[in-house]
Amino acid sequence: MKKKKGKFTTQTTIVIMILIVIVVGYYCYLVNRSNRSTDERTPTTVEDVLLRDLENYYPSSPTQVIRYYNSIIKCFYNEECSREQLEELARKARDLYDQELLDNNEWDTYIFNLEKEIQDFKNNNRKISNISLASSIDVDEFTQDGYRFAKVRCAYNILQGRDSSSTIQVYLLRRDENRHWKIYGWDLAENLDDGSGED
């Protein structure tokens, strides 16, 4: 009789230990799975661009402004964005614009034209393959009408299927009362007279 009791106790102990191991193992699996899904998820390119806090960390130089602006442009034309993300990106772009440029581009017209341009770009199977921004030492700064201006050149390589083309844009930036460089306008380099400090 004592032997049977001892055997029953040993079997029960083994079963209980196995159940504990299974429960603890399953709990660890669930914890690790939820940690992996939250911790290891990296933001998308669009999310990463939208995370930039322009109010507290505005780009410090003309080239930095255009570098961030280019990251927005690449999201517009190369990435898949929801309507909400597109509008958020558009607001970020407009945060970089000079007040005069904003005054001449009211929101409804701006977003309508932007969506049309993006759709045309994608319908023609185009993609921005590379952006080359001039270095800081190649920025042309000058004063005019009491304002500080800067010109920044930027080359864009566009792929369309197997064909490639490039354009050079010249951005004109004006420094505002907060000493922030704001995009005043832009044009193709071929349309501008070289050597002039004025637009």
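Suppose the filter is over 24 Å from the mean Cα position of the chain (by Cα), among the aliphatic types (A, V, I, L, M) and either more than 30 Å from T44 (Cβ to Cβ) or at pLDDT below 95 (or both); does L188 pass it? Judged against the criteria, L188 is not a match.
Suppose the filter is surrounded by 14 or more Cβ atoms within 10 Å (Cβ to Cβ), in contact (Cβ under 8 Å) with a residue 40 or more places away in the chain and not aromatic (F, W, Y); does R126 pass it?
Here the answer is yes, as R126 does meet what is asked.
Taking the criterion of being in a helix (DSSP H, G or I), aliphatic (A, V, I, L, M) and closer than 22 Å to R52 by Cα, would at least one residue in the stretch 105-121 satisfy it? So far as the stretch 105-121 goes, yes, one or more of its residues are in a helix (DSSP H, G or I), aliphatic (A, V, I, L, M) and closer than 22 Å to R52 by Cα. Each residue in the stretch 61-92 was checked for being more than 10 Å from the chain's Cα centre (by Cα) and of a type outside the set (G, A, S), and 17 pass. Residue pairs whose Cβ atoms lie under 7 Å apart, separated by 6 or more positions or on different chains, with the first residue in the stretch 46-74 and under 26 Å from E115 (Cβ atoms) and the second outside any helix (DSSP H, G or I) and among the basic types (K, R), are Y68/R52. Scanning the stretch 94-104 for residues that are buried (at least 18 other Cβ atoms within 10 Å of the Cβ) and either assigned to a loop (DSSP other than H, G, I, E, B) or of a type in the set (G, A, S) (or both) gives L96, D98.
Would you please name the residue that is modelled with the lowest pLDDT, looking only at residues in the stretch 123-150 that are charged (D, E, K, R) and at negative phi? Spell out the reasoning first.
Of all residues in the stretch 123-150, those charged (D, E, K, R) come to 126-127, 138, 140-141, 145, 148.
Subset that is at negative phi: 126-127, 138, 140-141, 148.
On the way: R126: 92, K127: 93, D138: 83, D140: 92, E141: 94, R148: 96.
The extreme case among them is D138.
Determine whether R91 is closer than 14 Å to L173 by Cα, among the basic types (K, R) and either in contact with a Leu (Cβ under 6 Å, 6 or more places away or on another chain) or open to solvent by 50 Å² or more (accessible area, probe 1.4 Å) (or both). Here the answer is no, as R91 does not meet what is asked. Only a single criterion out of (1) at pLDDT 95 or above; (2) outside any strand (DSSP E or B) is not satisfied by R174, namely (2).
Of the residues in the stretch 130-166, how many are surrounded by 14 or more Cβ atoms within 10 Å (Cβ to Cβ) and either among the hydroxyl-bearing types (S, T, Y) or over 21 Å from I183 (Cα atoms) (or both)? Going through the stretch 130-166 one residue at a time, the tally reaches 4.
The values are calculated or read from the model by the stated rules, or taken from the named source; none is laboratory data. This one's a predicted model, so the numbers in the text were calculated from it and none came from an experiment. Cβ atoms come from the backbone with ideal geometry, glycine included; neighbour counts cover every protein chain shown. The accessibility values were calculated without ligands, DNA or RNA, using every heavy atom of the protein model including side chains. Shrake-Rupley method; radii C 1.70, N 1.55, O 1.52, S 1.80 Å.
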